[in-house]
Amino acid sequence: MAATEHGISVDSERTNLLNHHTEKHFTAGEIVRDIIIGVSDGLTVPFALAAGLSGANATSSIVLTAGIAEVAAGAISMGLGGYLAAKSEADNYSRELKREQEEIIAVPETEAAEVAEILAEYGIQPHEYAPVVNALRKNPQAWLDFMMKFELGLEKPDPRRALHSAMTIAIAYILGGVVPLLPYVFIPRASEAVVFSVVVTLFALLVFGYAKGHFTGNKPFRSALETALIGAIASAAAFGLAKAFHP
């Protein structure tokens with residue numbers, strides 16, 4: 001009776017501690033990664049294209065038409081790439097899950113020894129991890145989840161991850177791609193529009209780079225400068241090549 005009351009008291013204290021502790025970890029890593037991929041390419045590729053066409057003395061209408069076509073094609077391509085990547089990740093998880101499930105049934109002693117080895121790597125002594133190994137053997141699903149996470153390092157993917165990734169990357173690409181093209185909507189002379197495009201896009205790259213550094217844990221100002229520098233190099237190269245072949 002006393003042991004039962006002690007167990008209830010411990011559980012109650014643990015629940016109370018958890019309820020009064022708020023974790024501040026950043027948990028939207030996958031979404032942020034997709035946004036970074038989409039916006040960074042969306043800002044850079046159409047920017048370089050517009051600069052290159054401007055260097056070739058194209059009109060604003062031609063730059064705008066080509067830019068819109070590129071943004072549409074780029075969004076589809078990038079979104080499809082994100083979908084296939086997430087789908088491959090989910091397929092790999094399912095394949096490894098099935099293989100691990102078969103091994104637990106076919107060679108349980110070997111799998112139990114692997115659990116013990118994993119726990120030993122954390123400095124847990126045999127007399128301490130033996131009850132954990134036995135408890136997992138009595139719960140096949142928990143055992144399987146443990147092996148997937150700690151032996152293979154695989155987390156169960158969200159079944160909607162592939163579609164969400166594709167949509168996020170595509171929309172982010174479009175939003176990024178619109179920025180360098182906006183000046184060409186209002187300024188008919190491409191030679192003038194490109195100047196405003198450079199200013200607006202470099203500012204957007206600085207803001208985006210700063211935000212990227214903030215959310216990924218890197219130095220925001222350094223990330224801002226690096227992102228803007230990459231965009232500037234890409235557009236300068238495209239503009240220079242266009243001028244070289246079409247003086």
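The values are calculated or read from the model by the stated rules, or taken from the named source; none is laboratory data. As the structure is a prediction and not an experimental result, all values here were calculated from the model. Note: ideal-geometry Cβ built from the backbone for every residue, glycine included; neighbour counts use all protein chains shown. Accessible surface areas use protein heavy atoms only, side chains included; no ligands, DNA or RNA. Shrake-Rupley method; radii C 1.70, N 1.55, O 1.52, S 1.80 Å.
Could you tell me whether N57 is of a type outside the set (D, E), part of a helix (DSSP H, G or I) and at pLDDT below 90?
On the way: of a type outside the set (D, E): yes; part of a helix (DSSP H, G or I): no; at pLDDT below 90: yes.
The answer is no for N57.
Condition (residue is surrounded by 11 or more Cβ atoms within 10 Å (Cβ to Cβ) and in a helix (DSSP H, G or I)) applied to the range 151-159: is it met by at least one residue?
Yes: one or more hits.
Please determine whether any residue of the range 212-234 is more than 17 Å from I35 (Cβ to Cβ), touching a Ser or Thr at 6+ places or on another chain (Cβ under 6 Å) and open to solvent by 50 Å² or more (accessible area, probe 1.4 Å).
For the range 212-234, residues more than 17 Å from I35 (Cβ to Cβ), touching a Ser or Thr at 6+ places or on another chain (Cβ under 6 Å) and open to solvent by 50 Å² or more (accessible area, probe 1.4 Å): absent.
Please find, within the range 40-63, the residue that is most open to solvent (accessible area, probe 1.4 Å) out of those that are over 24 Å from L229 (Cα atoms) and of a type in the set (A, V, I, L, M, F, W, C). Write out each step before concluding.
The first filter runs over the range 40-63 and keeps only residues over 24 Å from L229 (Cα atoms), leaving 57-62.
Going one step further and asking which of them are of a type in the set (A, V, I, L, M, F, W, C), we end up with 58, 62.
Details: A58: 20, I62: 90 Å².
Among residues in the range 40-63 that are over 24 Å from L229 (Cα atoms) and of a type in the set (A, V, I, L, M, F, W, C), the one most open to solvent (accessible area, probe 1.4 Å) is I62.
Checking the structure you have, find out if any residue of the range 165-181 is without any contact (Cβ under 8 Å) to a residue 40 or more places away in the chain and part of a helix (DSSP H, G or I). Outline the logic, then answer.
Quick first cut of the range 165-181, residues without any contact (Cβ under 8 Å) to a residue 40 or more places away in the chain only: none.
No.
Residues of the range 66-103 being buried (at least 19 other Cβ atoms within 10 Å of the Cβ) and free of Cβ contacts under 8 Å to residues at least 24 places away in the same chain, which ones?
none
Among the residues of the range 182-203, what is the count of those that are outside any helix (DSSP H, G or I) and of a type in the set (D, E, K, R)? Before the answer, list the steps.
We begin by selecting, within the range 182-203, every residue outside any helix (DSSP H, G or I); these are 187-189.
If we keep only those that are of a type in the set (D, E, K, R) too, we end up with 189.
The qualifying residues number 1.
Using the structure shown, decide if E89 is within 26 Å of L175 (Cβ to Cβ), at pLDDT below 90 and either touching an Asp or Glu at 6+ places or on another chain (Cβ under 6 Å) or part of a helix (DSSP H, G or I) (or both). Walk me through how you get there before you give the answer.
Working: within 26 Å of L175 (Cβ to Cβ): yes; at pLDDT below 90: yes; either touching an Asp or Glu at 6+ places or on another chain (Cβ under 6 Å) or part of a helix (DSSP H, G or I) (or both): yes.
It is true that E89 is within 26 Å of L175 (Cβ to Cβ), at pLDDT below 90 and either touching an Asp or Glu at 6+ places or on another chain (Cβ under 6 Å) or part of a helix (DSSP H, G or I) (or both).
Please work out which residue is most open to solvent (accessible area, probe 1.4 Å), limiting yourself to the range 137-150 and to residues that are without any contact (Cβ under 8 Å) to a residue 24 or more places away in the chain and of a type outside the set (D, E).
The first filter runs over the range 137-150 and keeps only residues without any contact (Cβ under 8 Å) to a residue 24 or more places away in the chain, leaving 138-139, 141-142, 145, 149.
Add one more test, that the residue is of a type outside the set (D, E), and what stays is 138-139, 141-142, 149.
On the way: K138: 171, N139: 72, Q141: 107, A142: 36, K149: 101 Å².
Top of the filtered list is K138.
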